[in-house]
């Protein structure tokens, strides 16, 4: 009985995340949002729900409390991280930073591809011009 109580209390809904866990959770969520290219909708949703985040966190804890023993591996630290306004602001800022980095990478790749396409087009035009020159000499020879 004591062991069961200790196990349940370790995975408490009221456990606060350490600063390292908070940073890890914010980074993980921000990267998932960017990977799925949902930065704008996520930023709007988080910004909209920010004023009621504390109430939502408390309600989540109340409604999840009866199920705590069933879900041993559920990361309850997410609740403590995202019920604080400053962490939501940090998440929005991190999503913006990662989004800008991804856009910069896309622009660089696009410019590289543009340069390659230009070389290909010029090579294609040179091939056409050289082909026409060879074709015109061979057609003049066949006529004459």
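The values are calculated or read from the model by the stated rules, or taken from the named source; none is laboratory data. All values reported here derive from a predicted model rather than from experimental measurement. Cβ placement follows ideal geometry from the backbone for every residue including glycine, while neighbour counts extend to all protein chains displayed.
Per-structure values
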item	result
Scan of segment 76-109 for residues that are exposed (fewer than 14 other Cβ atoms within 10 Å of the Cβ) and within 30 Å of residue 65 (Cα to Cα), ordered by number	85, 86, 89
Elements of type helices (runs of 4 or more DSSP H) in segment 1-86, at least 1 residues being at pLDDT 80 or above	19-35, 39-49, 53-64, 77-82
